[in-house]
Amino acid sequence: MQRYMEERILELANYTIQTKATVRETANKYGISKSTVHKDLQDRLPSINNQLYKAVCEVLMLNKSERHIRGGMATRNKYKHGLV
């Protein structure tokens, strides 16, 4: 794996852990696609740093368990502000 990719993957992982960001938020922050973020964190990170991978997985599982709540809040705000 090329050095710039490893640096990007570690930066994405650290950002995700520190801010508890979703894949979408991380992608927006770094200006890359969600699929790239997901591929980096799920497929490439374990071969670079397994301990960091486990910490990222905890954040991603937490985000997954809360996504229905965030979706409901987004819908509520949409109707509350008359966007529909």
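Please pick out the residue among Leu52, Leu45, Leu12, Leu41 that is at pLDDT 95 or above, touching an Asp or Glu at 6+ places or on another chain (Cβ under 8 Å), part of a helix (DSSP H, G or I) and on the phi < 0 side of the Ramachandran plot. Before you say what the answer is, go through the steps one by one.
Working: Leu52 fails: touching an Asp or Glu at 6+ places or on another chain (Cβ under 8 Å); Leu45 fails: touching an Asp or Glu at 6+ places or on another chain (Cβ under 8 Å); Leu41 fails: touching an Asp or Glu at 6+ places or on another chain (Cβ under 8 Å).
One residue alone meets the criteria, Leu12.
Which residues, counting only those in region 15-27, are β-branched (Val, Ile, Thr) and assigned to a helix (DSSP H, G or I)? Step through it out loud before you land on a result.
If we filter region 15-27 for residues that are β-branched (Val, Ile, Thr), which is where we start, we get 16-17, 19, 22-23, 26.
If the condition is that a residue be β-branched (Val, Ile, Thr) and assigned to a helix (DSSP H, G or I), then Thr16, Ile17, Thr19, Val23, Thr26 are the ones that fit.
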#### Entry: Residue within region 2-9 that is within 19 Å of Leu62 (Cα to Cα) and surrounded by 13 or more Cβ atoms within 10 Å (Cβ to Cβ) present
no
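Of everything in region 59-72, what is of a type in the set (A, V, I, L, M) and surrounded by 11 or more Cβ atoms within 10 Å (Cβ to Cβ)? Give them in sequence order. Give the derivation first.
First pass over region 59-72, keeping only residues of a type in the set (A, V, I, L, M): 59-62, 69.
Once the filter is applied, which keeps residues that are of a type in the set (A, V, I, L, M) and surrounded by 11 or more Cβ atoms within 10 Å (Cβ to Cβ), region 59-72 yields Val59, Leu60, Leu62.
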### Flag if Val56 is loosely packed, with under 15 Cβ neighbours inside 10 Å and β-branched (Val, Ile, Thr)
no
#### Entry: Residue list for region 30-84, restricted to those being more than 28 Å from Met1 (Cα to Cα), touching a residue at least 40 places away in the same chain (Cβ under 8 Å) and polar (S, T, N, Q)
Asn63
### Summary
Among (1) small (Gly, Ala, Ser); (2) surrounded by 13 or more Cβ atoms within 10 Å (Cβ to Cβ); (3) assigned to a helix (DSSP H, G or I), Ser35 falls short only on (2)
### Message
With among the small types (Gly, Ala, Ser), surrounded by 12 or more Cβ atoms within 10 Å (Cβ to Cβ) and touching a residue at least 24 places away in the same chain (Cβ under 8 Å) as the only criterion, which of Ala13, Ala27 stands out?
### Response
Ala13
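Among the residues of region 73-84, which ones are assigned to a helix (DSSP H, G or I) and modelled with pLDDT of 85 or more? Give the derivation first.
The first filter runs over region 73-84 and keeps only residues assigned to a helix (DSSP H, G or I), leaving 73-80.
Within region 73-84, Thr75, Arg76, Asn77, Lys78, Tyr79, Lys80 meet the criteria.
The values are calculated or read from the model by the stated rules, or taken from the named source; none is laboratory data. These figures come from a predicted structure and were not determined experimentally. All Cβ positions, glycine included, derive from the backbone under ideal geometry; neighbour counts span all protein chains shown.
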